[in-house]
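See structure below.
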């Protein structure tokens, strides 16, 4: 007669082995990923995050993706996707890449609505051919920048962009609230001043974008997509992007938040959906406790957004398949959000972004220390400034020896981009080896803090002496820029041993100062 205790132990061991095999099978799941373009934040860093979490991420050949020299090849991308879908169960796909050729291509393409509709219909064909494939798709609502330089908008936007932006603010206000007589006169003047052919071209492309999004939503209703996420690119409370986003929200009130979401930001969408797919594979619905620094906190309305953090942060938590919680004790992740005390975000190159921590910074960091000391997983979203880190905040974290302790950190580009990255990497970190988590942390500190807030301003100042356009395309001075960048990185990374004791290569994949690629040597 076998003792009951022995039987119990054997059964427990069997269950543990089965559970381990189940989790390992999930981790070996093949996931297809079609990014917006080949920028590191859309491709390399995302691929690292998933690979470090134990998942095989299959991406298209680089030659098919949009890059700094032009748009991608959507027809070839479709062929690649169809071939690779045969033995995959999940695909996280940028519809902009597959319909237009990438994010920038969505703003400057010359395709007819008929051609775009044909591209959209390919999603249904893909689903019909691979009914077991779960399609997680993300699309964009075209941005309305206050101004823009370089090759990322139609050429006329360099000269008329600020006027077009001002005009769309009036379009938005007129649609929502109506215009005063002065505003109506301003609208007439702007319509007269902006060449009609330029404005017609810009609005026609936006109209096509809006119709593409409506067609994608129709496919979601037909269950072609498992989940659809639409991001509002570089937005403002009054703008054409906000106006179109509001109309789409009104047209989709019948759709469940479990299958559809419109939120602020674009570049973080791929990682958000990949994290959602991992959570669904693991049958996890993590609880996230959002903790804000003193001052405006959750009432902050960041640059490039039409949403206060009080609504955009829960949106992103929901997008990854998580739950926002007010109870710290039930949180799987603390999302610590460093906001400007007065709620007014500036660019990280602003003169007041100094190395001195404010009293509010110090008190916020003390609370982060307490969370970490209590065994909580903490991801830090540093959104006090746009396009880079808060120097005083991170200098104080370094002084306290805390740089290596968070599950994740992010402070790049827009507030919504940073929050999405910190949130996603913070959730994925629980599945990573310690050395991989630390590598992702170092990457973000070197990119968002050392480069964006310190090296980039120095390089910008140096290049502007030779011409403003070089900031947006320095191909003619590439060697000089890369040599100067290496020197500046070496100087600034001495701030902390955690960063200084690393060997890495810095490159500029799009030959512009706005982004770099950090690649560690093994």
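The values are calculated or read from the model by the stated rules, or taken from the named source; none is laboratory data. All values derive from a computational prediction rather than experimental measurement. Reconstructed Cβ throughout: ideal geometry from the backbone, glycine too, with neighbour counts over all protein chains shown.
Observations, loosely collected:
- Meets criteria (part of a helix (DSSP H, G or I), closer than 20 Å to residue 379 by Cα and in contact with a strand residue (DSSP E or B) (Cβ under 8 Å, 6 or more places away or on another chain)) for residue 429: yes
- The residues of region 307-326 that are in a loop (DSSP other than H, G, I, E, B) and touching a strand residue (DSSP E or B) at 6+ places or on another chain (Cβ under 8 Å), listed by number, are 307, 322, 325, 326.
- Scanning region 49-74 for residues that are in a helix (DSSP H, G or I) and surrounded by 13 or more Cβ atoms within 10 Å (Cβ to Cβ) yields 49, 50, 51, 52, 64, 74.
- Region 84-111: number of residues that are at pLDDT below 95 and out of contact with any strand residue (DSSP E or B) (no Cβ under 7 Å at 6 or more places or on another chain): 1
- Looking only at residues of region 191-226 that are surrounded by 14 or more Cβ atoms within 10 Å (Cβ to Cβ) and not in a helix (DSSP H, G or I), we find that the one that is farthest from the chain's Cα centre (by Cα) is 194.
- Filter pass, residue 261 being assigned by TED's automatic domain parsing to the domain that holds residue 55, in contact with a helix residue (DSSP H, G or I) (Cβ under 6 Å, 6 or more places away or on another chain) and modelled with pLDDT of 95 or more: yes
- Restricting attention to region 103-139, the residues that are assigned to a loop (DSSP other than H, G, I, E, B) and either under 15 Å from residue 215 (Cβ atoms) or in contact with a helix residue (DSSP H, G or I) (Cβ under 6 Å, 6 or more places away or on another chain) (or both) total 5.
- Count - residues of region 140-190 that are loosely packed, with under 14 Cβ neighbours inside 10 Å, outside any helix (DSSP H, G or I) and not assigned by TED's automatic domain parsing to the domain that holds residue 247: 3
- When residues of region 391-407 are limited to those that are in contact with a helix residue (DSSP H, G or I) (Cβ under 8 Å, 6 or more places away or on another chain) and farther than 26 Å from residue 332 by Cα, the one surrounded by the most Cβ atoms within 10 Å (Cβ to Cβ): 391
- Scanning region 273-306 for residues that are part of a loop (DSSP other than H, G, I, E, B), buried (at least 22 other Cβ atoms within 10 Å of the Cβ) and on the phi < 0 side of the Ramachandran plot gives 293, 300, 302, 305.
- Subset of region 353-396 (residues that are farther than 17 Å from residue 341 by Cβ, free of Cβ contacts under 8 Å to residues at least 60 places away in the same chain and assigned to a helix (DSSP H, G or I)): 369, 370, 372, 373
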